[in-house]
Amino acid sequence: MAGVAGGGGNGNDFQWCFSQVKGAVDEDVAEADIISTVEFNYSGDLLATGDKGGRVVIFQREQENKSRPHSRGEYNVYSTFQSHEPEFDYLKSLEIEEKINKIRWLPQQNAAHFLLSTNDKTIKLWKISERDKRAEGYNLKDEDGRLRDPFKITALRVPILKPMDLMVEASPRRIFANAHTYHINSISVNSDHETYLSADDLRINLWHLEITDRSFNIVDIKPANMEELTEVITAAEFHPHHCNVFVYSSSKGTIRLCDMRSSALCDRHSKFFEEPEDPSSRSFFSEIISSISDVKFSHSGRYMMTRDYLSVKVWDLNMENRPVETYQVHEYLRSKLCSLYENDCIFDKFECCWNGSDGAIMTGSYNNFFRMFDRNTRRDITLEASRESSKPRAILKPRKVCTGGKRKKDEINVDSLDFNKKILHTAWHPMENIIAVAATNNLYIFQDKIN
């Protein structure tokens, strides 16, 4: 699989082109409509988004259509449901937002699909199933549902199944609540497909998918005296193949790899990944911008990727003292950190994702820009999610940001960037070059241009 535009090499060079955009065009965006998470399922045929209004929207990929060759597997709405409602914690006098923090799909075992969704406090397991038949000819009730008088029933009927319009139902099968004192930032399904972890600022819990009334606390970094608190957990994920291994990242820019075979409480890590700081570049913002906002294992399980404010780093699990690759996402913002601190943008949590073959990575930036890095050729590209280039099959033009001096024709000045338009959440199809990019309340889908 090729990586970024013009970055495949070996004659595999390709370009990204526009496929679809979902969401309203309104200038005034309702807070509830802002997308807060995006996730493909294991086959890539379903794509789920969660928003700040607690809703989950699932898109399904249409089959290839011979009569419409250009529609090449478009995604259309399959199911929409309200996953979480706003709540109030009366003991702490705290409002609990309905915003969906994370969605994680479970591998498909039968005709139904299952996913986990979480807000700050409660995780829910949802079953998404189809119904296209209904039973008719009951003995104890009429066709309109009214109960019949049992004494008037003289003959037994065998109910028959009649076809009906396809109905997609979403039903909550399990609710995992009351296990987190702090806000949940991550959920991750284990490769054993029976357990999953959930992480908040100070603790990580291990759950069984069938058991809702208890979980095991596997990491607890809460100090006895909260005044001694120096770091928080920012993200956590299970290894894709080894069910006993997981990692978690911290606000200090470090990553700890833990092995659940060594002890029940994994407070002592097996590996500790940290890049030594360059003393010459130290500033007031060093600690804030080194905080890791996302950590993701590669599909192979050999590498993991971390995202901090200005860069993406790829680590080899066998080398703890420094990353094997570092990619600058928007280095031109280093001189702007003061104003980004004042408008709180410096605390934005950007996510990152791998392509299906681990050869390329993607992460978001400001001004609705997103970045791709080809790990083989070391080429990178900046693309923009915008309605201006949303004609079907329109090729995305690479964007460039200039920091000073004379601005070239196609470049945008760093002072002109819109910091309210940010791409925090992206997803890459597990097998193909199809990407989903969330830009505020719009979901953009791009794919490679097949000649």
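Determine which member of the set 133, 102, 121 is out of contact with any Ser or Thr (no Cβ under 7 Å at 6 or more places or on another chain), of a type in the set (D, E, K, R) and closer than 19 Å to residue 201 by Cβ.
Values: 133 fails: closer than 19 Å to residue 201 by Cβ; 102 fails: out of contact with any Ser or Thr (no Cβ under 7 Å at 6 or more places or on another chain).
Being out of contact with any Ser or Thr (no Cβ under 7 Å at 6 or more places or on another chain), of a type in the set (D, E, K, R) and closer than 19 Å to residue 201 by Cβ holds for just one of 133, 102, 121, which is 121.
Within the stretch 81-182, which strands (runs of 3 or more DSSP E) (wholly inside it) include 2 or more residues that are modelled with pLDDT of 85 or more, open to solvent by 40 Å² or more (accessible area, probe 1.4 Å) and among the basic types (Lys, Arg)?
It comes to 123-136, 160-176.
Just to verify a result, which residue in the stretch 265-282, among those that are under 16 Å from residue 308 (Cα atoms) and at pLDDT 85 or above, is surrounded by the most Cβ atoms within 10 Å (Cβ to Cβ)?
So the residue we want is 273.
So, in the stretch 24-48, of the ones that are among the small types (Gly, Ala, Ser) and under 22 Å from residue 78 (Cβ atoms), which residue ends up surrounded by the most Cβ atoms within 10 Å (Cβ to Cβ)? Explain how you work it out, then say what you get.
The initial filter retains those residues of the stretch 24-48 that are among the small types (Gly, Ala, Ser), namely 24, 30, 32, 36, 43-44, 48.
Next cut, under 22 Å from residue 78 (Cβ atoms) only: 24, 32, 36, 43-44, 48.
Values: 24: 11, 32: 13, 36: 20, 43: 14, 44: 18, 48: 27.
Filtering first and then ranking leaves 48.
I'd like to check something: does the stretch 363-379 contain any residue that is among the hydrophobic types (A, V, I, L, M, F, W, C), at pLDDT below 95 and assigned to a strand (DSSP E or B)?
No, every residue in the stretch 363-379 fails to be among the hydrophobic types (A, V, I, L, M, F, W, C), at pLDDT below 95 and assigned to a strand (DSSP E or B).
Suppose we keep only residues that are small (Gly, Ala, Ser) and under 20 Å from the mean Cα position of the chain (by Cα) within the stretch 171-223. Which one would you say is farthest from residue 36 (Cα to Cα)? Full working, then the answer.
Pass one, the stretch 171-223, residues small (Gly, Ala, Ser): 171, 177, 179, 186, 188, 191, 198-199, 215.
In the following step, the residues that additionally are under 20 Å from the mean Cα position of the chain (by Cα) were identified as 186, 188, 191, 198-199.
Working: 186: 13, 188: 17, 191: 25, 198: 17, 199: 17 Å.
Of everything passing the filter in the stretch 171-223, 191 is farthest from residue 36 (Cα to Cα).
It is to be established whether one or more residues within the stretch 368-383 are closer than 23 Å to residue 104 by Cβ and either open to solvent by less than 20 Å² (accessible area, probe 1.4 Å) or of a type in the set (A, V, I, L, M, F, W, C) (or both).
yes
Let me confirm something: among 308, 358, which residue is in contact with a His (Cβ under 7 Å, 6 or more places away or on another chain) and crowded, with 18+ Cβ neighbours inside 10 Å?
Result of the check over 308, 358: 358.
The values are calculated or read from the model by the stated rules, or taken from the named source; none is laboratory data. Just so it is clear, the model here is predicted, and its values are computed rather than measured. Cβ: placed from backbone, ideal geometry, glycine included. Neighbour counts: every protein chain shown. Surface accessibility is based on the protein's heavy atoms, side chains included, excluding ligands, DNA and RNA. Shrake-Rupley method; radii C 1.70, N 1.55, O 1.52, S 1.80 Å.
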